[in-house]
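Reviewing the structure listed below.
The values are calculated or read from the model by the stated rules, or taken from the named source; none is laboratory data. All values derive from a computational prediction rather than experimental measurement. Positions of Cβ are generated from backbone atoms using ideal geometry, with glycine treated the same way; all protein chains shown enter the neighbour counts.
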Amino acid sequence: MTPVNIILLGPPGVGKSTQAALLSKRYPLVTLSTGNILRAEVAAGTPLGLEAQAAIDSGGLVGDEVMIALVRSRMATLPAECGYILDGFPRTTAQATGLDRMLRELHRPLTAVLQPLLEREEVVRRMSSRRECRTCNAPVTVKPEAPCPACPACGGALFQRPDDTPAVILKRVAVYEEQTAPLAAYYQRAGLLAPVDARGQPADVAARLITAIELQRLQRRAEPVRRQRALGL
Ligand SMILES: [Zn+2]
């Protein structure tokens, strides 16, 4: 079976990490989060990690070339039968074209670019209910009916990140939408974009994502045949 290679294109709070975890139960794949790769490389003190650290220390952003090299170094270690989910990358069309080149070289073509869609109000609502444990750092979602819950893992006190307030979240979502609209158009043109309704229970959303993936796989499989027919072969 050909591996399933996915980009999850959605704003913070749309449930990408939950969905990535559910999809990895259905398909042999790993989540490649640029944040995690970056932290691991910096901690290991690799040349790429040092370069990225220097950019961060000087108050700048890690450049596209370095980000792509980071993803590449991690992706190159995956077994051939293992697919991937890219979360948080690419963010711009410049990164997307760089990624395309890299994926061609590594022979790991995209299966689909999944775009979980949710109203802004719902994104804000979900993100406003996020807390973190002071003791074990576990992420916890609090329910409105339980205003002062403790960490289910260790009983520790919870806190809300200062950037998880409704006003800041709304701003982040707006910035995200503005930044990534060209990216969605880019993958739409490539025939890879699959918008998916992200409302409701995580298991239902996962089922919709899996349907979208399977549809894209069928299309990918039919492509060479269509091309041959078009050529009159
Ligand atoms: Zn805890």
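Identify, by number, the condition in (1) assigned to a loop (DSSP other than H, G, I, E, B); (2) of a type in the set (Val, Ile, Thr); (3) farther than 24 Å from residue 40 by Cα that residue 77 doesn't meet.
Among (1) assigned to a loop (DSSP other than H, G, I, E, B); (2) of a type in the set (Val, Ile, Thr); (3) farther than 24 Å from residue 40 by Cα, residue 77 violates only (3).
Please work out which one of (1) closer than 26 Å to residue 84 by Cα; (2) modelled with pLDDT under 95; (3) away from the ligand (no atom under 16 Å from the Cβ); (4) not β-branched (Val, Ile, Thr) is the condition residue 204 fails and give its number.
It is condition (2) that residue 204 fails.
Check 98, 49 and return the single one that is buried (at least 18 other Cβ atoms within 10 Å of the Cβ), out of contact with any Ser or Thr (no Cβ under 8 Å at 6 or more places or on another chain) and farther than 27 Å from residue 194 by Cβ.
49
Could you pull out the residue among 33, 17, 24, 58 that is farther than 30 Å from residue 141 by Cβ and polar (S, T, N, Q)?
None of the others qualify; the one that does is 58.
Assuming residue 138 fulfils every condition listed in (1) surrounded by 12 or more Cβ atoms within 10 Å (Cβ to Cβ); (2) within 16 Å of the ligand (Cβ to nearest atom); (3) over 29 Å from residue 4 (Cβ atoms); (4) of a type in the set (Gly, Ala, Ser) apart from one, which condition is it?
(3)
Would you confirm whether or not the stretch 161-172 contains a residue that is within 16 Å of the ligand (Cβ to nearest atom) and not aromatic (Phe, Trp, Tyr)?
Yes, because at least one residue in the stretch 161-172 is within 16 Å of the ligand (Cβ to nearest atom) and not aromatic (Phe, Trp, Tyr).
Any idea which of 108, 125, 104 is away from the ligand (no atom under 16 Å from the Cβ), at pLDDT 90 or above and in a helix (DSSP H, G or I)?
Within the list 108, 125, 104, the selection yields 104.
Within the stretch 53-70, how many residues turn out to be among the charged types (D, E, K, R) and modelled with pLDDT under 85?
1
Take the conditions within 16 Å of the ligand (Cβ to nearest atom), of a type in the set (Gly, Ala, Ser) and either surrounded by 13 or more Cβ atoms within 10 Å (Cβ to Cβ) or in a loop (DSSP other than H, G, I, E, B) (or both) and apply them to residue 150. Does it pass?
The answer is yes for residue 150.
Of the residues that make up the stretch 89-98, is at least one within 16 Å of the ligand (Cβ to nearest atom) and assigned to a loop (DSSP other than H, G, I, E, B)?
No, the stretch 89-98 has no match at all.
Which one is farthest from residue 29 (Cα to Cα), of the residues in the stretch 40-87 that are in contact (Cβ under 8 Å) with a residue 60 or more places away in the chain and touching a helix residue (DSSP H, G or I) at 6+ places or on another chain (Cβ under 8 Å)?
Ranking the qualifying residues of the stretch 40-87, first place goes to 87.
Cβ contacts < 7 Å: first residue assigned to a helix (DSSP H, G or I), restricted to the stretch 198-213; second residue of a type in the set (Asp, Glu), any location; separation 6+ or different chain. Result?
So the pair list comes out as 208/197.
Residues 2, 34: which one is of a type in the set (Val, Ile, Thr), in contact (Cβ under 8 Å) with a residue 12 or more places away in the chain, under 19 Å from residue 113 (Cβ atoms) and surrounded by fewer than 16 Cβ atoms within 10 Å (Cβ to Cβ)?
Checking each option against the conditions leaves just 2.
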